[in-house]
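Notes for the one structure printed next.
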Amino acid sequence: MKFSIQPVLENQEYQLIPLQQGDFESLYEVASDPRVWEQHPNKDRYKREVFENFFKGAMESGGAFKIIEKSSGDVLGSTRFYDFDETESHIFIGYTFYGTKSWGKGINPQVKKLMLDYIFRYVDKVHFHIGKENFRSQTALERIGGKKIAEEEVAYFAEPARTNFVYEIKKEDHS
């Protein structure tokens with residue numbers, strides 16, 4: 001099935017725009033706060049050289065977005081689609097992060113809804129890798145209907161493998 005894993009997605013307040021090489025500085029500005037990465041598997045992503053690797057992986061994924069607040073034009077963070085499996089009819093959403101000024105404002109559920117509403121036209125299931133110590137993201141995913149289905153070691157682009165939980169949302173359970 002042919003579809004784009006990098007369309008422009010938007011609602012009244014937010015826009016997901018395909019990530020481009022020129023977005024590095026504006027995204028790094030958001031990512032350079034150590035608090036953003038406290039619960040993530042790689043806690044050093046606030047360091048420029050570590051984030052450069054993360055950004056390179058985002059670009060090579062072909063499915064990464066910058067998240068924009070429409071009213072201000074501010075870059076709030078990033079997310080992506082990755083690892084589409086046509087046979088199993090599923091795709092992953094992940095590598096999502098937001099700057100601390102965006103925390104607790106209900107942005108992530110809106111962004112995930114945009115992504116899920118779009119991708120469920122093409123797949124039956126969406127999976128999410130979440131670090132085993134990333135309680136904030138685990139709670140956020142459970143709030144939007146994610147169910148923990150597995151645990152696996154995940155090696156991100158040029159980083160060591162770390163334990164992640166796999167969460168799933170099925171098309172029939174998404175509203």
Check your understanding: If you project the alpha carbons of the chain onto the principal axes, what extent comes out on each, in Å, largest first?
Key -> 39, 36, 30
Exercise for review: Given a cut-off of 24 Å, name the pairs among Lys43/Lys101; Lys2/Lys147; Lys43/Lys66 whose C-alpha atoms lie farther apart than that in the structure shown.
Suggested key: Lys2/Lys147
Point to revise | Gain in span if fully extended, Gln6 to Asp83, counting 0.36 nm per residue against the direct Cα distance | key: 26.4 nm
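What FRET efficiency do you get for Asp124 and Lys101 if R0 is 45 Å and r is their Cβ-Cβ distance, rounded to the nearest 0.05?
Computed FRET efficiency for Asp124 and Lys101 comes out at 0.80.
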Review point. Can you give the net charge of the other residues whose Cβ lies under 12 Å from the Cβ of Lys66, counting K and R as +1 and D and E as -1?
Key: -4
Check your understanding: Ignoring ligands, DNA and RNA, what percent of the accessible area of the chain is carbon or sulfur (1.4 Å)?
Key -> 47
Practice item. List the GluC sites (Glu not before Pro) within the stretch 1-89 that fall in a DSSP loop (any state other than H, G, I, E or B) and whose Cβ has at most 16 other Cβ atoms within 10 Å. Key: Glu13, Glu38, Glu86, Glu88
Check your understanding: Rank Ser71, Ser137 by accessible area, highest first, at a 1.4 Å probe radius?
Key -> Ser71, Ser137
Review point. Which of the residue pairs Lys113/Lys170; Lys56/Lys105; Lys105/Lys125; Lys47/Lys70 have a Cα-Cα distance greater than 19 Å in the structure shown?
Key: Lys56/Lys105; Lys105/Lys125; Lys47/Lys70
**Study point:** Heavy-atom surface of the stretch 9-124, accessible at 1.4 Å and reported per residue (Å²)
**Key:** 46
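The values are calculated or read from the model by the stated rules, or taken from the named source; none is laboratory data. All values derive from a computational prediction rather than experimental measurement. Every residue, glycine among them, receives a Cβ derived from its backbone with ideal geometry; neighbour counts consider all protein chains shown. SASA here: full protein model, heavy atoms, side chains in, ligands and nucleic acids out. Shrake-Rupley method; radii C 1.70, N 1.55, O 1.52, S 1.80 Å.
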